[in-house]
1. Of these, LEU91, LEU80, which one is more than 30 Å from ALA125 (Cβ to Cβ), in a helix (DSSP H, G or I) and modelled with pLDDT of 80 or more?
2. Among the residues of the stretch 210-233, write down those that are surrounded by 17 or more Cβ atoms within 10 Å (Cβ to Cβ) and of a type in the set (A, V, I, L, M, F, W, C).
3. Which one of these is in a helix (DSSP H, G or I), surrounded by 20 or more Cβ atoms within 10 Å (Cβ to Cβ) and of a type in the set (A, V, I, L, M, F, W, C): ALA161, ALA138, ALA144?
4. Being within 30 Å of MET33 (Cα to Cα) and acidic (Asp, Glu), is that true of even one residue in the stretch 74-81?
5. May I ask you to list the residues in the stretch 96-107 that are closer than 20 Å to ILE133 by Cα, surrounded by fewer than 24 Cβ atoms within 10 Å (Cβ to Cβ) and not polar (S, T, N, Q)?
6. Please go through the stretch 177-203 and pick out each residue that is of a type in the set (Gly, Ala, Ser) and either within 15 Å of the chain's Cα centre (by Cα) or assigned to a loop (DSSP other than H, G, I, E, B) (or both).
7. Quick one: in the stretch 117-160, of everything that is within 30 Å of SER266 (Cα to Cα) and without any contact (Cβ under 8 Å) to a residue 40 or more places away in the chain, which residue is nearest to the chain's Cα centre (by Cα)?
Amino acid sequence: MTATTQPLHGRVDPAALPRHVSLADTVGQTMTMAWRATLKMRRNFEQFFDVTIQPLLFTAMFAGIFGGAISGSVDNYLPLLIPGLIGQTVLTACVATGTQLREDMDKGVFDRFKVLPISRIAPLAGPMVADMIRYFIAATLTFATGIAMGYRPGGGVVGVAAAILLAIVAGWSLAWIFTWFGTVGSSAQAVQGISLMVMFPLTFLSNAFVPTDTMPGWLQAFADINPVSHIISAIRDLANDGAVTAEVGWALLGCLAVIAIFAPLSVRGFTKKM
């Protein structure tokens, strides 16, 4: 009787792996990867610096510098500033997602996954699910800092909770853009450079820090169609007024569009790197 064996250290033919993974298995595998990423965060607390220190620093700094010039006082500026800073901080956290992914791929961390019969999206989506913890911390700390400085959100507890939830959903959605950069970039430094070139225009050419009607016409047109502007407007409507407006719908629709475009691109880029 003859047995056929494969070399333990040989490369497994991808064609021999299952081509289809059920939705339930995909969800389970994604959550396993998310737990792995969460354990990694616990051992590397530096990953939380951008969502703990930055909200405190930027809220105090931007309110003091721009409050009087833009709104006449810090108190009047906080309802405009706080949602904008939440959008900026969450977007900054998304940049770290793509950079960390590229670093892990360069170190060979994902090599062990390529021979496993798992969903191709699970190694990407898992760490992004874990990053939702970071988005929650960033949004909560920004609101808490604003409240300590005198911000009183008209939407109350429910409105603020809804705004935080929207920020988390938006962060997870926008992270797919930077995840794609991570799969196609040549190095972690290149991914970070590309991500920052995208992140800064999306943040500052928006309604995050000033009303768009004060901008030149061409710049206002861009800011008004900027998806980040819709997300920030939706957060403002929920936190300041407790209202579920059309902006909330547009923000969620934009998030779905980003996922529909960049999630397949990320999986494709990740598979090619395998």
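The values are calculated or read from the model by the stated rules, or taken from the named source; none is laboratory data. Note that this is a predicted model, so its numbers are computed, not measured. As a convention, Cβ positions derive from the backbone with ideal geometry for all residues, glycine included, and neighbour counts pool all protein chains shown.
1. Details: LEU91 fails: more than 30 Å from ALA125 (Cβ to Cβ).
Sole residue among the options that is more than 30 Å from ALA125 (Cβ to Cβ), in a helix (DSSP H, G or I) and modelled with pLDDT of 80 or more: LEU80.
2. So the first thing to find is which residues in the stretch 210-233 are surrounded by 17 or more Cβ atoms within 10 Å (Cβ to Cβ), and the list is 210, 212, 223, 226-233.
VAL210, ALA223, VAL228, ILE231, ILE232, listed by residue number.
3. Numbers: ALA161 fails: surrounded by 20 or more Cβ atoms within 10 Å (Cβ to Cβ); ALA144 fails: surrounded by 20 or more Cβ atoms within 10 Å (Cβ to Cβ).
On inspection, the qualifying residue turns out to be ALA138.
4. Of the residues in the stretch 74-81, the ones within 30 Å of MET33 (Cα to Cα) are none.
No, every residue in the stretch 74-81 fails to be within 30 Å of MET33 (Cα to Cα) and acidic (Asp, Glu).
5. Within the stretch 96-107, ALA96, ASP104 qualify.
6. Going through the stretch 177-203, the residues of a type in the set (Gly, Ala, Ser) turn out to be 182, 185-188, 190, 193, 195.
Answer for the stretch 177-203, where residues must be of a type in the set (Gly, Ala, Ser) and either within 15 Å of the chain's Cα centre (by Cα) or assigned to a loop (DSSP other than H, G, I, E, B) (or both): GLY182, GLY185, SER186, SER187, SER195.
7. PHE136
Yes/no matrix, rows are residues, columns are (1) crowded, with 24+ Cβ neighbours inside 10 Å; (2) more than 23 Å from LEU39 (Cβ to Cβ):
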site	(1), (2)
LEU124	yes, no
PRO153	no, yes
ILE168	no, no
TRP172	no, no
